[in-house]
1. Just to check I understand the Karplus step: with θ = phi - 60° and J = 6.51 cos²θ - 1.76 cosθ + 1.60, what whole-Hz values come out for region 55-69, glycine and proline as x?
2. For region 58-121, what % of the accessible area comes from carbon and sulfur atoms, probe 1.4 Å?
3. Can you give the accessible area of PHE44, probe radius 1.4 Å, in Å² rounded to 10?
4. Does region 1-117 come out rounded, prolate or oblate, given a ≥ b ≥ c as the square roots of the eigenvalues of its C-alpha gyration tensor, rounded meaning a/c under 1.5 and, failing that, prolate meaning a/b above b/c?
5. Would you grab the residues whose amide H sits under 5 Å from the one on ARG94? Only those 5+ places off in sequence or on another chain, please, with H modelled 1.01 Å from N.
6. Taking a threshold of 31 Å on the Cα-Cα distance, which of the pairs LYS63/LYS99; LYS67/LYS109; LYS49/LYS99 fall above it?
7. Can you compute the modelled spin-label distance between ALA84 and ILE55, with each label point 7 Å from Cα toward Cβ, in nm?
8. Using only the Cα atoms of region 40-82, build the gyration tensor, take square roots of its eigenvalues as a ≥ b ≥ c, and label the shape rounded, prolate or oblate: rounded if a/c is under 1.5, else prolate if a/b is larger than b/c, else oblate.
Amino acid sequence: MAQDANSFSSIPTDDPEAGSTWVVSLSAIIILSALVIATCVFYFKFEDKEVDLKIINPPNAWKMQLKNEQLAQLDVYQKYSVTAPDGRAEPRIRIPVTKAMEFVIADAKNPPKAVEAPVSAPAAAPAPKGTATK
């Protein structure tokens with residue numbers, strides 16, 4: 001069977017241009033490579049964070065409880081005593097941090113006045129030994 005001359009398309013088709021094919025192909029390869037690398041970076045970044053958080057540094061219940069107790073002590077008034085180097089107990093008072101900051105601000109606004117010492121004549125130096133005085 002022979003083909004009809006009328007069965008062919010009237011628009012001639014040709015191979016695509018080599019330059020545009022290379023540009024599109026290289027662009028697609030670069031974009032795909034960037035996406036693969038970015039995916040790997042994000043995956044391993046979050047994986048390391050999860051390993052550090054859950055396996056290497058798990059929260060210690062005793063440590064967290066102690067920290068919470070110590071933070072709670074910052075908000076209460078309390079009397080306690082410390083042992084001085086000579087062995088006697090010295091009483092101390094713990095106040096909340098916010099109240100202590102109010103005291104510091106009030107002291108900074110009203111500094112204590114400087115008191116001048118009275119000026120007196122210097123005392124005479126004692127005479128050296130072995131010298132006679134009249």
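The values are calculated or read from the model by the stated rules, or taken from the named source; none is laboratory data. Remember, it's a predicted structure, so these values are computed and weren't measured experimentally. Heads up, the Cβs are rebuilt from the backbone with ideal geometry, glycines too, and the neighbour counts pull from every protein chain shown. Ligands, DNA and RNA are stripped out before the accessible areas are found, and what is left, the full protein with its side chains, is counted by its heavy atoms. Shrake-Rupley method; radii C 1.70, N 1.55, O 1.52, S 1.80 Å.
1. Karplus-based 3J(HN,Hα) across region 55-69 equals 10, 6, 10, x, x, 8, 5, 5, 5, 5, 5, 4, 4, 5, 5 Hz.
2. Values: 3690 of 6100 Å².
Result for region 58-121: 60 percent of the exposed heavy-atom area is carbon or sulfur.
3. Surface accessible to solvent at PHE44 totals approximately 110 Å².
4. Details: a/c = 6.09, a/b = 3.38, b/c = 1.80.
The shape class here is prolate.
5. GLN78, LYS79, TYR80
6. Numbers: LYS63/LYS99 27 Å; LYS67/LYS109 34 Å; LYS49/LYS99 39 Å.
Beyond 31 Å: LYS67/LYS109; LYS49/LYS99.
7. 5.6
8. Working: a/c = 5.83, a/b = 3.67, b/c = 1.59.
It is prolate, given that a/c is not under 1.5 and a/b is the larger ratio.
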